[in-house]
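What follows draws every value from the coordinates through simple rules; no lab data is involved. Please read these numbers as outputs of a predicted model, since none were measured by experiment. Positions of Cβ are backbone-derived with ideal geometry, glycine not excepted, and every protein chain shown enters the neighbour counts.
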């Protein structure tokens, strides 16, 4: 059982290309949760829900991440249909490749949302966009901190 996942934060670039957001929450009231293990996503989502936060998913299961909800008639992308404040990418093991079940993290960055990486971020392609959260940090407060800081993009030198 994952009790507290350790985290990291990130984001997107062109401020003129951001979707309109009628109000900005001072904390992460609604969080899109992605990752590659349903059990880890479920535990992270439970921590957020216990703190009164609303949790969204890109698909019903990481076993079938495609088509995502954006491509399923009657559902729609949570980033388009809800006021999502942050994206949480749950890492239960180290990995260097971005997997299709994590594409919501990329979509969130594109929309200018802060991204939090929970768990093991060693080798993650997205880690360079993030601040390292000290050990003992928790998902809820880290998402709140990421929202209060806003999205951030690394310097171009970091991407090369």
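Numbers at a glance
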| quantity | calculated |
| --- | --- |
| Prolate/oblate/rounded call for segment 84-123, Cα gyration tensor, a/c under 1.5 rounded | prolate |
| Listed peptides 48-58, 104-114, 68-78 by packing density, highest first (mean Cβ within 10 Å) | 104-114, 48-58, 68-78 |
| Net lengthening on full extension, residue 38/residue 128 (0.36 nm per residue, minus Cα-Cα) | 29.9 nm |
| Length released on extending from residue 49 to residue 64, taking residue separation times 0.36 nm less the Cα-Cα span | 3.0 nm |
| For peptides 81-89, 36-44, sequence by mean Cβ density within 10 Å, most packed first | 81-89, 36-44 |
| Rounded if a/c under 1.5, otherwise prolate or oblate - segment 60-103, Cα gyration tensor axes | oblate |
| Equivalent ellipsoid semi-axes, segment 55-129, via Cα gyration tensor eigenvalues times 5, rooted, Å | 21, 15, 10 |
| Relative contact order, percent, segment 55-129 [alpha-carbon distance under 8 Å, six or more residues apart] | 29 |
